[in-house]
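Comments concern the structure below.
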Amino acid sequence: MKILNYRSTSIFFLLVFLLLLICGSPWPVYPALLLVYMGINAGMAFLPASGYYYGGVITHGNRGKNSLSLTFDDGPDAINTPLILDILKKHNIKATFFIIGKNIAGNEELLERMHAEGHVLGNHTWSHTNLWDLYSSGRMADDILENIRETERITRKRMKFFRPPYGVINPMVAKAIRKTGVTVVAWSFRSFDTSCGDPGLLLDKTMKKTRPGDVMLFHDRMGLTAGILEKIIVSLQERGFGFIPLEEMLKLQAYENC
């Protein structure tokens, strides 16, 4: 159990507050203390691997093996996802696609292709709105389950792997995770391909930052990623890395037994 978590931090600040109260500290100390407490809680929401709000987040595989697992967020995308699938097929690599449920409409055949070609489908919520982290836990749970139901309707597979939008986990997200029973998979290598406009810089960063056992995060909606992916794969293979499915890396089942 991690010592630094939401519960222990809250208890610590409560004790400090009571101690200051007993000592008769001046009133400006209390709002300052509250701001520090709120700042820590807000910041830790963006560090899912910390286990601050939810301790079951998985970020990587065995660091002792030169194996990597490719994951892609935000699809399916009608333009770039097929290009990425073609590259993966050419190199016989099975990836994981954390899909957004609302993007399925009109891309049902693409979803079927992902599944038929042996890629794992993961849950990236139904809506992935900018306000998702402000939903109630019940609404979050419904959003997660709606994606699961629609994907199951098409593929006959019920997804277990879940990646929250932006990787943010706050108390409501943690509660929704427990309600739905999903397995949370984050990442250990983040490409930032959504903000990098230079394929050369993306390749250079990937070569420098990749470590054995990494779960690698890219986005299949990005033309930049589709354009540089083959070069990334070949360059990493030349350095002795191999690509394995996420299920194999984590030794976990990606789907529920129906």
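Quick one: order Tyr52, Tyr30 by neighbouring beta-carbon count within 10 Å, fewest to most. Don't skip to the answer; put the middle values down first.
Values: Tyr52 26, Tyr30 13.
Taking fewest neighbouring Cβ atoms as first place, the list is Tyr30, Tyr52.
In terms of Cα to Cα distance under 14 Å, which aspartates and glutamates are near enough to Lys89, apart from those fewer than 8 places away along the same chain?
Result set, ordered by chain and number: Glu117, Glu230.
May I ask for the angle, rounded to the nearest 10°, between helix 80-90 and the longest principal axis of the chain, with both axes built from Cα atoms and the value confined to 0 to 90°?
Its long axis makes an angle of about 60 degrees.
Whole Å is fine, so just give me how far the alpha carbon centre of the stretch 88-140 lies from that of the stretch 176-250.
16
Find how much the distance from Asn66 to Phe46 grows on full extension, using 0.36 nm per residue of separation minus their present alpha carbon separation; answer in nm with one decimal.
Details: separation 20, 0.36 × 20 = 7.20 nm, distance 2.77 nm.
Going from the current span to full extension adds 4.4 nm.
For the chain, taking Cα atoms only, what is the radius of gyration to one decimal and the Dmax to the nearest whole Å?
My reading of the Cα-based Rg and Dmax gives 20.4, 70 Å.
Computed from the coordinates by the stated procedures, all read-outs in this text should not be read as laboratory data. Computed from a predicted structure; not experimentally measured. For neighbour counting, all protein chains shown are included, and Cβ atoms are generated from backbone atoms with ideal geometry for every residue, glycine included.
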